[in-house]
1. For segment 126-184, what are the residues that are part of a strand (DSSP E or B), of a type in the set (A, V, I, L, M, F, W, C) and farther than 26 Å from T261 by Cα?
2. Of (1) among the aliphatic types (A, V, I, L, M); (2) out of contact with any strand residue (DSSP E or B) (no Cβ under 8 Å at 6 or more places or on another chain); (3) modelled with pLDDT of 90 or more; (4) assigned to a loop (DSSP other than H, G, I, E, B), I85 satisfies all except one. Which?
3. Please list, ordered by first then second residue, the pairs with beta carbon atoms under 8 Å, 6 or more apart or interchain, first in segment 79-106 and under 18 Å from D22 (Cα atoms), second of a type in the set (G, A, S).
4. Condition (residue is in contact with a strand residue (DSSP E or B) (Cβ under 7 Å, 6 or more places away or on another chain), closer than 30 Å to V13 by Cβ and in a loop (DSSP other than H, G, I, E, B)) applied to segment 298-307: is it met by at least one residue?
5. Taking the stated definitions as given, is R167 over 21 Å from Q369 (Cα atoms) and surrounded by fewer than 17 Cβ atoms within 10 Å (Cβ to Cβ)?
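The values are calculated or read from the model by the stated rules, or taken from the named source; none is laboratory data. Here the structure is a predicted model, which is why all the values come from computation and not from measurement. Heads up, the Cβs are rebuilt from the backbone with ideal geometry, glycines too, and the neighbour counts pull from every protein chain shown.
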Amino acid sequence: MKTESEKLSPTRVKLTVEVPFDELKPAIEAATTKIADQVQIPGFRKGKVPARLVEQRFGRPAILQEAVNDSLPDFYQQAAAEAEIKPVGRPEVEVSDIPGLDGSEEGNLVFVVEQDVRPEIDLPDFSTLEVEIEEPTVDDDAVDVRLDALRERFGTLVGVDRPAADRDFVSLDMTATIDDEEIESVEGVSYQIGEGNMLEGLDEALTGLSAGESTTFTSQLAGGDRAGEDAAIAVTAQSVKVRELPEADDEFAEMASEFDTIDELKDDLRTQAAADAEGNRVSLARNALLEKLLEELEIPVPDALVEDEINAHLENEGKEAGDPHGEEIREDTTKAVRAQFLLDEINATREVSVEQDDLMNYMTQLSAQYGIESNQLLQMLAQSGQLEQIFGEVQRSKALEVVLADVTVKNAQGDVLDLYLGLEKAEAEGESADEGGSADDAEAASEDAEPAKKAPAKKAPAKKAPAKKAPAKKAAASEEASAEGEATEAAPKKAAAKKAPAKKAPAKKAPAKKAESVEKSEDK
């Protein structure tokens, strides 16, 4: 087989491929057998029809066309490997010559492929790069935020006799109908106004409703067979409740943590905030490095690939191709594709490995972001065939961190920051693993209380200060506290109509996936 490659642009090539008749012969024999297995000719058992009769009955051109269509993907893959190209998107194939149509066994199968490819990227010497970040600070407000989140875990819901307002909890019944046909209904769902994790327009509809009152609004369904269609939503507020938080005193500290006083608990929360700030410095530095590279490097992207990504996004949102929203996301989509090309190039040069812990940490972040239990999210991704994509996302993120170890990172004052990357970071994390627990350990004991919202992308702290291990009796006390009263109601139930996570970033189709097949071509 002979392959000639012509570069049409930085992201597109043209391959002219010639396959001798002898290399096509196995495909012709396979196509003849395939047709013989599908037809019934009197006097012959199915699958036992001689090749000569198959050719007489269906004609040599039909057999050759079948052979070409079946073998073209393999010939294309071989040609792409010989030309050393990195395909992205779908190839455009045109067959210009099929040998043997005249009955001879001479000539070449000739086809031409135009294919989008990854651009060539000249990576810089990362040791010469410098980025600046604004260091996150740890103050009393940061401690108060963590303390309030912990108090919310032990809060209880109390009914109020007034119209619902922002952040109130509403127990609701809801029915969705389209053309007087009931599509879906839920009863007794607890929802916190402002969460925005159910139907669009629900927050506005519930605000101002008192217990027993109803209203209707129109919203687009997010899931099910009618996803993307507008439906009439009837909602009734069964009750309106607010969450009352326990006092931040010594009694609360003893109940909610391993500490005896509120001051000790606050000191531990301050330590946690400092550790998170350390991790956030790495995230900030990664983002700053990525922005710098995207700004300074020439990374062209194929227009067709951007269009495919935009159309996939619109489809996930139930919108038609050509919707104006596509233009609104074009710039961000183009930037995302450029970033993926860049990170994949870094990964190829550094051969970044992904460990199980890396995957689990990423899944934990995603589950926190989407408000879905980790195992449930894992099952959804597996069923939709997106686990390979998740692996790629983790590998790209880690690749950026690997090269970040070579980059000089400074704060706004010009001080060089040590981010504990590479060997130093591994040693720091090893030391941290040998240290004691913190208030986080005691919080985990309250499994039935409402989980506090956490930032999805925060990185594991590089170091932790030693802390006392939670006694078993206090952990048990936390469980008892979470079971009392209506504390379990503090966790709003997820309605069936919640938006599917496929709309988010981890559901996004990988634009750089190598073409697996070539569209069948007609004989020109």
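1. Narrowing segment 126-184 to residues part of a strand (DSSP E or B): 130-132, 156-159, 169-178, 181-184.
Among the residues that remain, those that are also of a type in the set (A, V, I, L, M, F, W, C) are: 131, 157-158, 169-170, 172, 174, 176, 178, 183.
V131, V158, F169, V170, L172, M174, A176, I178, I183 - these are the residues of segment 126-184 that are part of a strand (DSSP E or B), of a type in the set (A, V, I, L, M, F, W, C) and farther than 26 Å from T261 by Cα.
2. In the conditions (1) among the aliphatic types (A, V, I, L, M); (2) out of contact with any strand residue (DSSP E or B) (no Cβ under 8 Å at 6 or more places or on another chain); (3) modelled with pLDDT of 90 or more; (4) assigned to a loop (DSSP other than H, G, I, E, B), I85 misses (2) alone.
3. Qualifying pairs under 8 Å: V95/S521; D97/G107; P99/G107; G100/G107; E106/G100.
4. From segment 298-307, those in contact with a strand residue (DSSP E or B) (Cβ under 7 Å, 6 or more places away or on another chain) are 302, 304-305; that's our starting set.
Then keep just the ones that are closer than 30 Å to V13 by Cβ; that gives 302, 304-305.
Cutting the leftovers down to in a loop (DSSP other than H, G, I, E, B) gives us 302.
Scanning segment 298-307 turns up at least one residue that is in contact with a strand residue (DSSP E or B) (Cβ under 7 Å, 6 or more places away or on another chain), closer than 30 Å to V13 by Cβ and in a loop (DSSP other than H, G, I, E, B).
5. On the way: over 21 Å from Q369 (Cα atoms): no; surrounded by fewer than 17 Cβ atoms within 10 Å (Cβ to Cβ): yes.
Criteria not met by R167.
Residue by residue, here is whether (1) in contact with a helix residue (DSSP H, G or I) (Cβ under 8 Å, 6 or more places away or on another chain); (2) touching a residue at least 24 places away in the same chain (Cβ under 8 Å); (3) surrounded by 13 or more Cβ atoms within 10 Å (Cβ to Cβ); (4) under 27 Å from R118 (Cβ atoms) holds:
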| site | (1), (2), (3), (4) |
| --- | --- |
| G326 | yes, no, yes, yes |
| T333 | yes, yes, yes, yes |
| L342 | yes, yes, yes, yes |
| S367 | yes, no, yes, no |
| Y370 | yes, yes, yes, no |
| L377 | yes, yes, yes, no |
